[in-house]
Amino acid sequence: MERLKSLDPPHKGLRNALSKLAFIAGKTEYTSISSVEKLQFVAKEVFHLLKDHTATENKFILAPLEKVNPGFTNDYYAHHLEIDNTEQALLDRIMALNGQQTNEEGHQLYLDICEFQSHYLEHINEEDSVLEAEMQKHFTDEELMQHQIAIMGEMSFDTLLLWFKYIVPARRPAENAQVLTGFKSAVPEVAFITVIEIIKNEISDNELQEILSMIK
């Protein structure tokens, strides 16, 4: 029986987001303010999602798990704190760019972004194999779904839109249709239309139509 994977949607979205950040950083003209601003725009989105995910995971994944398996989450909390500090330092460097840096300086920033990406991917790969299994061991799919509902209930609409922007291109059409079906039934029509407008810029027309055809 296929179990609900709580970490699959956000982690796929973050893999997509980090890949985009590294891609943009690698082609940025660091002597051009307009080029730098494109990098900064993407960085704001990506680091917002990274910080949101850490806070969400701490509250809705690690905290419930700590209650049923005390001590298991200690290393995860510690890793999250380290990652938060690294994220902030990297974001500060990106936002300090003003188009007056050399491309050689930009190259070093690019390498540091890639190093962070590698470190972060290693972190979530471990979570996907170990932490996910531990959650499934202690909670039913119904309980895991309640965690997800609670997460969405606390999330601002702007942040939710940003998650859809990066998660939808990284998941299978059937998975996206399942989520969007539930979303459509729970929100005003204008909110659903807004989400569709966001994601149609991130995927092909054929993929969008395939998703829409499966939404009930």
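Values quoted throughout were computed directly from the atomic coordinates according to the rules given, and no laboratory measurement underlies them. Since the structure is predicted, the reported quantities are computational estimates derived from the model, not experimental observations. Counting neighbours? That spans all protein chains shown, and the Cβs are built from the backbone with ideal geometry, glycine included.
Things worth noting here:
- Here is how the number arises for the chain: DSSP H runs of 4 or more residues each give -39500 (n - 2.57), the sum is divided by the residue count, and the result at 222 nm is -25000 deg cm²/dmol.
- Taking Cα atoms only, the orientation of helix 157-167 departs from the longest principal axis of the chain by about 80 degrees.
- Cα gyration tensor, segment 172-216 - rounded (a/c under 1.5), prolate or oblate: oblate
- For Gln209 and Leu161, the FRET efficiency from 1/(1 + (r/R0)^6), where r spans their Cβ atoms and R0 equals 30 Å, is about 0.90.
- Stokes-Einstein D for the chain, Kirkwood Rh over Cα pairs, 25 °C, 0.890 mPa s (µm²/s): 131 µm²/s
- Listed peptides 182-193, 57-68 by packing density, highest first (mean Cβ within 10 Å): 57-68, 182-193
- Cα gyration tensor, segment 57-133 - rounded (a/c under 1.5), prolate or oblate: prolate
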